[in-house]
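Please read the structure below before turning to the comments.
The values are calculated or read from the model by the stated rules, or taken from the named source; none is laboratory data. Bear in mind the structure is a predicted one, so any value in this text is a computation, not a measurement. Glycine gets a Cβ as well: all are built from the backbone with ideal geometry, and neighbour counts include every protein chain shown. Side chains are part of the model used for accessible areas, which takes the heavy atoms of the whole protein and leaves out ligands, DNA and RNA. Shrake-Rupley method; radii C 1.70, N 1.55, O 1.52, S 1.80 Å.
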Amino acid sequence: MIGVSYPSQPMQVEASLWDGDSWATDGGQTKTNWSHAPFKAHFQGFNIDGCPYNLHSKPCDSSIFWWNKEKYWSLSSTEQRGLGSSLTDQGTFDQYYNITWGNDHVLSLDQGAKIQLSLDNSSGSGFGSKLSYGSGFFQLGIKLPGNNSAGVVTAFYLTSHTDNHDELDFEFLGNQEGKPITVQTNVFVSGQGGREERIFLWFDPTANFHTYKVLWNPYQVVFYVDEIPIRVFKNNRKIGVSYPSQPMQVVVSLWNGDSWATDGGKTKINWIQAPFKAYFQGFKIDGCPHTEPCDSSTLWWNGEEYWTLNSNEQRVYKDVISKYITYDYCADRNKYPIPPPECPK
């Protein structure tokens, strides 16, 4: 519309690993250190959602293709927020959180931009949000303990701290080196839990930071790993299913769970590997303090686009369920001979 050229030629998807030391690092001043070779990159997820270029096929600008639908004509509000975000505008630890226990096992890094929790045989550690919230989109960048972390539990959750509490859990269950770490989620409402789901991750969560998120609004609770939904708990009050409604605090901890966390408690913590260290970043909280009306449609996470998963989220969610889930309370007939009413029929 303003005379700017736009890609229009048929293109092939390619991937490669190559020597770019003439320009890639420090403008080419830092060269490849060949003593560290071979350098290896790993790839997965080879499905291509694309329109094959063929004179006899449908035009590739056709609206029959999901990626050409109107919702993909511009970034969503969430994507726009993400595009403009960086660690510098994600808040510091002291703005949103306090250390709650194990003070001598908590270390502030990068001027409060990162926090390290550690666990040894004397203590674990944890922190919690300064406020409680009535709805929101809560997220945290986490790098899990490496090495042999069997029995070690890293937790990121929301809880109401009441006798009949509401709680939304992310629990990362450590494992022996070379074995996958399990992510367990759970939903408590009015003190009733027993809604565990477990998945294996499709990457090594000890190697780098990944973002773990909980969307909680009047319509649904969604647990995300990066941008991928791994669990959905809908508001089904209309069929008699209770739904979280109590103000909740954001809580993070690193603790000894070897009575149950790995192999049902059979594999214990190897304290020779201690201290175990978990790292956290991105402390800004997008939440409604519980003193305000937290079901208001003026709060972005309560907007209509967050009432259900979008079509792309539904697609990747189904993929996660089919490939990575290892336990689903809805399928546990020993525990629930009759599935709870929220479970798929």
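Which net charge results for the neighbourhood of Trp202, defined as the other residues with beta-carbon distances under 11 angstrom from its beta-carbon, given Lys and Arg at +1 and Asp and Glu at -1? Every neighbour counted, the sum reads -2. Peptides 183-189, 147-153 ranked from most to least packed, by the mean per-residue count of other Cβ atoms within 10 Å: 147-153, 183-189. Distance between the C-alpha centers of the range 281-339 and the range 99-142? Whole Å please. Each part's Cα centre sits 23 Å from the other's. Pairs with C-alpha atoms separated by more than 29 Å, drawn from the list Lys238/Lys335; Lys69/Lys143; Lys130/Lys318; Lys234/Lys335; Lys40/Lys266, are Lys69/Lys143; Lys130/Lys318; Lys40/Lys266. Working ranking of peptides 106-119, 18-31, 124-137 by packing, defined as the average number of other Cβ atoms within 10 Å per residue, highest first, is 124-137, 106-119, 18-31.
Counting only other residues whose beta carbon sits under 15 Å from that of Gly146, what net charge do I get with K and R as +1, D and E as -1? Display every interim value, and only then the final one.
Values: positive: Lys143, Lys179, Lys277; negative: Glu177, Asp204.
With Lys, Arg at +1 and Asp, Glu at -1, the net is +1.
As a length-normalised measure over Cα pairs under 8 Å and 6 or more apart, the relative contact order of the range 219-302 settles at 12 percent. The HN-Hα couplings worked out from phi for the range 110-121 by the Karplus form 6.51 cos²θ - 1.76 cosθ + 1.60 (θ = phi - 60°) are 6, 6, x, 6, 9, 10, 10, 9, 10, 10, 9, 6 Hz, whole numbers, x standing for Gly and Pro. Converting the Cα gyration tensor eigenvalues of the range 97-138 into ellipsoid dimensions via √(5λ) gives semi-axes, longest first, of 22, 14, 8 Å. Of the chymotrypsin sites (Phe, Trp or Tyr not before Pro) found in the range 295-345, the ones in coil according to DSSP and having at most 13 other Cβ atoms within 10 Å of their Cβ are Trp307. Sorted from longest to shortest, the spans of the Cα atoms of the range 262-345 along the three principal axes equal 51, 40, 29 Å.
If R0 is taken as 41 Å, the Cβ-Cβ distance between Asn310 and Asp163 corresponds to a FRET efficiency of 0.65.
The range 154-309: Rg/Rh from Cα coordinates, Kirkwood Rh?
Working: Rg = 16.7 Å, Rh = 17.1 Å.
On the Cα set of the range 154-309, Rg over Rh gives 0.98.
Dipole check for the range 93-331: with +1 at the C-beta of Lys and Arg, -1 at the C-beta of Asp and Glu, and the Cα centre as origin, the magnitude is about 340 Debye.
Viscosity 0.890 mPa s, temperature 25 °C: Stokes-Einstein D of the range 222-264 from its Kirkwood Cα radius, in µm² per second?
Details: Rh = 14.1 Å.
For these conditions, the coefficient is 174 µm²/s.
If you take all other residues with their beta carbon under 14 Å from the beta carbon of Ser108, and give Lys and Arg +1 and Asp and Glu -1, the sum is -1. Across the range 282-292, computed HN-Hα scalar couplings (Karplus, 6.51 cos²θ - 1.76 cosθ + 1.60, θ = phi - 60°) run x, 8, 4, 10, 9, x, 9, x, 5, 6, 10 Hz from first to last residue, x flagging Gly and Pro.
Looking at the chain, which longest stretch skips every one of the GluC sites (Glu not before Pro) that is in a DSSP loop with at most 15 other Cβ atoms within 10 Å, leaving the sites themselves out?
On the way: sites that count: Glu14, Glu177, Glu227.
By the stated rule (loop sites, at most 15 other Cβ atoms within 10 Å), 15-176.
In Å, the Kirkwood hydrodynamic radius of the chain over pairs of distinct alpha carbons?
Values: mean 1/r = 0.0439 Å⁻¹.
For the chain, the Kirkwood estimate is 22.8 Å.
Be a star and scan the range 13-39 for residues whose amide nitrogen sits under 20 Å from the point 7 Å along the Cα-to-Cβ vector of Phe46. Of the residues in the range 13-39, 13-18 have backbone N under 20 Å from the label point off Phe46. Here's the picture: charge each Lys and Arg Cβ at +1 and each Asp and Glu Cβ at -1 in the chain, and of Asn302, Gly50, Ile115 the one pushed furthest to the positive end of that dipole is Gly50.
With the helix formula -39500 (n - 2.57) applied to DSSP H stretches of n ≥ 4, the chain reaches a computed 222 nm mean residue ellipticity of -2000 deg cm²/dmol. Give me the percent of the accessible area of the range 17-67 that comes from carbon and sulfur atoms, probe 1.4 Å, all protein chains in place. Here carbon and sulfur together make up 57 percent of the probe-accessible area. The relative contact order of the range 128-251, computed from alpha carbon pairs under 8 Å that lie at least 6 residues apart in sequence, is 31 percent.
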